[in-house]
Structures are given as structure tokens and as C-alpha cells.
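Let me begin by presenting the structure, written as C-alpha cells, before commenting on it.
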């Protein structure tokens, strides 16, 4: 489940138990990855592991402030307490220096994380880093502005909206994206 937000944390644990039981009827071998509640940040409902062959996945963003090293402490603690691997399943930052710092935190041996996955792989170009930047095109930009400034700008026609969608579907193809080389360098594996 991606970023589950249950009505009660205990219900998430019970749901995971049901899902795991169903999966294990058909597949006893594959690793299961579970996220905590509250956007994959709260693992307090886990006092034990619901399965022996599992790992945890958390999400981390410091866009609104906070130090990555401090924010990951609860993830490190639950991983050590339950002896389960911890994976940074989603993360991203708005500045290159913060990206470098957060990656170094994840890869620090004392945190004992089993890896990470960068979230902002592909998005429409703006002032924040994304590995593959979508260049949306004129018609798409007009459509987005019409939606954002509804009532303050001329309404867009159905034909214009369809043209914008077709243009966008072409622009999102990887071959039509541009790669952020600085970000790519930050994300490349480090040589040991």
C-alpha cells in the first residue's frame, strides 16, 4: 500500500496481516515491503513483524524544513528494534545541496538502510530538480494556466484542451524529456 492513512493505526496492522496471509497462500518466497501510516512515516503500530520475509519502506521529504538525519531516527530505531530491513522507498528535495546531504544520510552505515528510491524521476520542468524533465509545450501550458486562473482568463475550448492533452502525451515520452545532468551525478552510484 502506498502511503496508507488508516482511521486507526491498529487497523493498518490488521489489514497487513490479512493481505500477507492471502499473498502467502500463493507465494511464500517473495519479500514483502510494508509502509507505515501517515504518508509512510509512522511505524508505531508495529511491535512485531507480521511476516518473516519483509522489509519496511518509509518516505522522506524536508521541503517544509527539518534535518534528514533527525527525521530518519524513528526509521532506524524500528528497523533495529524489529531486525527488519528499512528502505527509503520515496524521497526528494528541492535543492541540489539538500539532495546530496540526504543521500549521504541514507548511505551512512550507522543507519543500516538497505537502499533508496528517488521519487522525482520525471515531472514537468519547474524551479525544482527532477531527473527527467518534461517540456510541456505551448498548448499544455495554456491549458494549465486556464485551470489555475479560472475566471481570470479566457475559458479554454474543448478542442484546445484535447490538443493540449495530445501534445502532453507526446512530450511525456522519455525520448522527448531532458535529463538534469547535475541531479544524475548526485544519484549515480558512488565508487567504493
Item to check | Scan of the stretch 111-126 for residues that are in contact with a helix residue (DSSP H, G or I) (Cβ under 9 Å, 6 or more places away or on another chain) and more than 17 Å from residue 84 (Cβ to Cβ), ordered by number | outcome: 118, 120, 122, 124
Item to check | the stretch 171-185: number of residues that are in contact (Cβ under 8 Å) with a residue 12 or more places away in the chain and out of contact with any strand residue (DSSP E or B) (no Cβ under 9 Å at 6 or more places or on another chain) | outcome: 2
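Condition check ((1) on the phi < 0 side of the Ramachandran plot; (2) touching a helix residue (DSSP H, G or I) at 6+ places or on another chain (Cβ under 9 Å)) across all residues:
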site: 30; (1), (2): yes, yes
site: 38; (1), (2): no, yes
site: 56; (1), (2): yes, yes
site: 64; (1), (2): yes, no
site: 69; (1), (2): yes, yes
site: 76; (1), (2): yes, yes
site: 82; (1), (2): yes, no
site: 87; (1), (2): yes, no
Item to check | Residues located in the stretch 65-86, provided they are over 16 Å from the mean Cα position of the chain (by Cα) and not in a helix (DSSP H, G or I) | outcome: 65, 66, 67, 83, 84, 85
Item to check | helices (runs of 4 or more DSSP H) contained entirely in the stretch 136-192, each with at least 1 residues that are under 24 Å from the mean Cα position of the chain (by Cα) and exposed (fewer than 12 other Cβ atoms within 10 Å of the Cβ) | outcome: 158-171, 181-187
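Return yes or no: is residue 59 modelled with pLDDT of 95 or more and assigned to a loop (DSSP other than H, G, I, E, B)?
It is false that residue 59 is modelled with pLDDT of 95 or more and assigned to a loop (DSSP other than H, G, I, E, B).
If I ask for residues that are in a helix (DSSP H, G or I) and surrounded by fewer than 16 Cβ atoms within 10 Å (Cβ to Cβ), which ones from the stretch 21-37 would you list?
Restricting attention to the stretch 21-37, the residues satisfying the condition of being in a helix (DSSP H, G or I) are 21-26, 37.
21, 22, 23, 24, 25, 26 - these are the residues of the stretch 21-37 that are in a helix (DSSP H, G or I) and surrounded by fewer than 16 Cβ atoms within 10 Å (Cβ to Cβ).
The values are calculated or read from the model by the stated rules, or taken from the named source; none is laboratory data. Keep in mind the model is a prediction, meaning the values are calculated, not measured. Neighbour counts are summed over all protein chains in view; Cβ atoms, including those assigned to glycine, are modelled from backbone coordinates with ideal geometry.
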